[in-house]
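First up is the structure itself, then whatever we jot down about it.
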Amino acid sequence: MFFRDRQEKDVPARYALLPLREVVVFPQRTMPLIVGRPRSVSAVNAARAQGGEIFLVAQRSGERVNPTQSDIYEMGCIATVEEVLNLPDGNTKIVVEGRRRARIVRWLSEDPHFEVEVEEFVPETEVSVEQAALVRTVKQTFERYVKLNRAVPPEMLLAVNALEDADRLADMLVAPMQFKVAEQQEILETIDVTERLERIYKALLAEIEFLQVEKKLKTRVKRERESSQREYWLNEQMKAIQKELGDKEGRSDLEELAQALAEKDLPEHVQSRAEKELRKLAQMNLMSAEATVVRTYLDWIVALPWSELSPEPRSLAEAAGVLNEDHFGLRRIKERILEYLAVSQLVDKMRGPILCLVGPPGVGKTSLARSIARATNRPFVKISLGGVRDEAEIRGHRRTYIGAMPGKLVHAMKRAGTIDPVILLDEVDKMSSDFRGDPAAALLEVLDPEQNTQFNDHYLDLDFDLSKAMFICTANALQGIPLPLQDRLEITELSGYTELEKAAIARRYLLPRQMELNGITEENVTLSDPALLKIIRSYTKESGVRKLEQEVARICRKVARRVVHHGPETKIHVTTANLDKLLGVPRFKIGERELEDQVGTVKGLAVSPWGGELLNIEVAAIKGKGKLILTGRLGDWLKESANAALTYLRTRAEALHLEPDFYETQDLHIHYPGNALKTDGPSAGIAMATALVSALTQIPVRADTAMTGEITLRGRVLPIGGLKEKVLAAHRGGITRVLIPEENVKDVDEIPERVRQSVEIIAVDHMDRVLKEALAGAQAAGIFGGNSTLIEPKESVESDESAQDGHPGEPG
């Protein structure tokens, strides 16, 4: 590239200068301009007077209305004024066509317009191979650019492809590119054609990359918009179909769910979570799997009773009437429920009690829980925990798992429909644990009044208030309940029933219910008291009345068959004489007292799964080498008690008039005859010691006496458990005297008054006194001392129904 001055081109040295704002004019480019400033109008007029050529230069800043020399670039373009048009607003419109590049050499004047002297630049005509290759590359790249940029007209592509001049090509390609004014000025000032083409090429590549990204973005947005429109259209079609099928309101499930949440009185943290999940659901495809999970979750929130309370509780008199109507006896548990109702009427915010009913099968634990719910006017929900070994059964599964659901407690609250139901946790002692967790550990939070106000189910992941619910646990034995869980429970033991109580329950509840279930009436069957007592003694062996009800049901079914066969006038009177024909031969034989005093035979007392038992303990002393033989399926505890009793005899050999070496010359055999179940426990020590003394001294044991208590090496009598059941068994077997440890005197009040009237209860503190009371004859009374206390029966201040823990209409 080289330049020539005015003399070489024979053109005027002077040019009128027209400063341009935000515009750069290139050679070979035609452009319309609006001229309005006085200097600019003067420059246009001067150019027309001097041959029509004018020097166009861009201002450095378009904001300057009256620019100075320093505000104007030095490099510009000489152009010819092709057309001038005066506009109505006073401005002038001109059309110019760029000719040649030029640079200001000298400023000649500023008034009435800028006038300068310039040097012009003429492009080289020789084209190198590199330049030719660059021209081809730029053309190809521009073609790609035109395909991506629809704003560039196709005619321009034809014009570009027709050009062979590299200089004109570089200047023409500036127009369709998105260059800023400063960048265009830089290109104008670039004299070298190759350098300009390279810059144009780089700009084209950048624009192509940008346009490709923009195209991808537009395609994705369009696709998403079309998908959204398609979903909207399908949803509208779904609504129309639902409306045609009978949805008169025409609301979608989502709208119904939103309305249900709005009408629900939810806690603040629950409301916030529900609204968040609802917004998430609204943005999903309702047919997707994830939408189903969210919808199910919201359905659970709507279905749960977050603040709904039970109706007004019954009055104390009404509640007492319901409890007495449903159950026989159970004085302590009835008092506890009435106390709770009384306190709840005085205190606004009261936590529900957590009771645990412990007792053998059939004593009415489950039905008692139902009666408590009826007495308190609350919904009743039962949760069976027997065999549960997964912690998730209590706390639920997290929503990340397929098919996740809340735990049993949340299910129970949903079924109840109120926040304060009576929840029965049945068979809480039958739970177990494995690799999936320990459900008993999860119950620690549920049954802790300090924690269950914020019970967190894994599925809901929300705090749920369980403190208003009344929890009632049932168990057959405390051994199966972990100690931390026992510490949270208010334990009430329900022991077995006396024969009189079983008879009363059968009369009041079992027989009328079975008659109704089997379609017969009192006109068809009567049951005598002796026959009922025989059923209790000879056909059942239990603490409760479940088997008793089954036997009564058998009688009712046989009567119903005869009524159908012989007519409704049939009537059967069940007595001991015809009982065997209805129920078959007796299956059990209760323990009974001996008819005569026996040597080496003692009546012991034990507690079995079906109540108290009267045990025979036999001892035989035979010549031998001093061995102690124990038979009858005895446990380790009983074996240790036998050894302790023998050691006591050895220490008291002189007082008992025994040979000093009796334990070396005789073998002692202790046997528990007819013991079908393994027997164990620390309560037969004094019975075995008494039998040993009787066998060695040949003094008979009183046949009317039974005993229970543990013995120490010094002969002290230690307390035992299950006194009530043991005394009931003694009374059932015809025993009239029972020896008990002195420390168990406090438990005598639990024994029914009728039994205390029939059985003489003697409290002893030492083995010597046991022997004096148990062995027959004056010889025994003269050689033994020790203290004993005769427990006199008290005047009964309770009715027969409240004298003992009893059973309701339905066995537990």
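The values are calculated or read from the model by the stated rules, or taken from the named source; none is laboratory data. Computed from a prediction, not measured in an experiment: that's the story for all the values here. Backbone-built Cβ (ideal geometry, glycine too); neighbour counts: all protein chains shown. Areas reflect the complete protein model, heavy atoms only, side chains present, ligands, DNA and RNA absent. Shrake-Rupley method; radii C 1.70, N 1.55, O 1.52, S 1.80 Å.
Structural remarks
- Residues in region 144-160 that are open to solvent by less than 70 Å² (accessible area, probe 1.4 Å), without any contact (Cβ under 8 Å) to a residue 60 or more places away in the chain and not hydrophobic (A, V, I, L, M, F, W, C): 1 in all.
- Here LYS726 clears all of (1) open to solvent by less than 60 Å² (accessible area, probe 1.4 Å); (2) over 15 Å from LYS603 (Cβ atoms); (3) assigned to a helix (DSSP H, G or I) except the condition numbered (2).
- Taken as a whole, the condition of being open to solvent by 30 Å² or more (accessible area, probe 1.4 Å), out of contact with any strand residue (DSSP E or B) (no Cβ under 6 Å at 6 or more places or on another chain) and farther than 30 Å from VAL693 by Cβ applies to THR575.
- Yes/no for GLU224 being open to solvent by 90 Å² or more (accessible area, probe 1.4 Å), in a helix (DSSP H, G or I) and at pLDDT 85 or above: no
- Number of positions in region 5-30 that are at pLDDT 90 or above and open to solvent by less than 30 Å² (accessible area, probe 1.4 Å): 10
- Residue tally, condition modelled with pLDDT of 85 or more, open to solvent by less than 40 Å² (accessible area, probe 1.4 Å) and more than 14 Å from THR705 (Cβ to Cβ), over region 597-619: 3
- Hey, GLU501 over 30 Å from GLY417 (Cα atoms), open to solvent by 20 Å² or more (accessible area, probe 1.4 Å) and among the charged types (D, E, K, R) or not: no
- Just one of (1) open to solvent by 100 Å² or more (accessible area, probe 1.4 Å); (2) touching a Lys or Arg at 6+ places or on another chain (Cβ under 9 Å) fails for HIS566. It is (2).
- Pair list, Cβ under 7 Å, 6 or more apart: region 95-123 residue within 20 Å of ASP171 (Cα to Cα), other residue among the polar types (S, T, N, Q): VAL95/THR30; VAL96/THR80; GLU97/THR30; GLU97/THR80; GLY98/GLN28; ARG99/THR80
- Among residues of region 44-63, those that are touching a strand residue (DSSP E or B) at 6+ places or on another chain (Cβ under 9 Å) and closer than 25 Å to ALA175 by Cβ, counted: 12
- For region 632-668, the set of residues classified as closer than 13 Å to THR690 by Cα and in contact with an Asp or Glu (Cβ under 9 Å, 6 or more places away or on another chain) consists of SER641, ALA644, ARG652, listed by residue number.
- Whichever residue in region 161-178 is open to solvent by 30 Å² or more (accessible area, probe 1.4 Å) and part of a loop (DSSP other than H, G, I, E, B) and, among such residues, is nearest to LEU205 (Cα to Cα): GLN178
- Check on ARG587, of a type outside the set (Ser, Thr, Tyr), touching a helix residue (DSSP H, G or I) at 6+ places or on another chain (Cβ under 7 Å) and at pLDDT below 90: yes
- Close pairs from region 671-696: first buried (at least 24 other Cβ atoms within 10 Å of the Cβ) and at pLDDT 85 or above, partner assigned to a helix (DSSP H, G or I) and among the aromatic types (Phe, Trp, Tyr), Cβ under 7 Å, at least 6 apart: ALA689/TYR648
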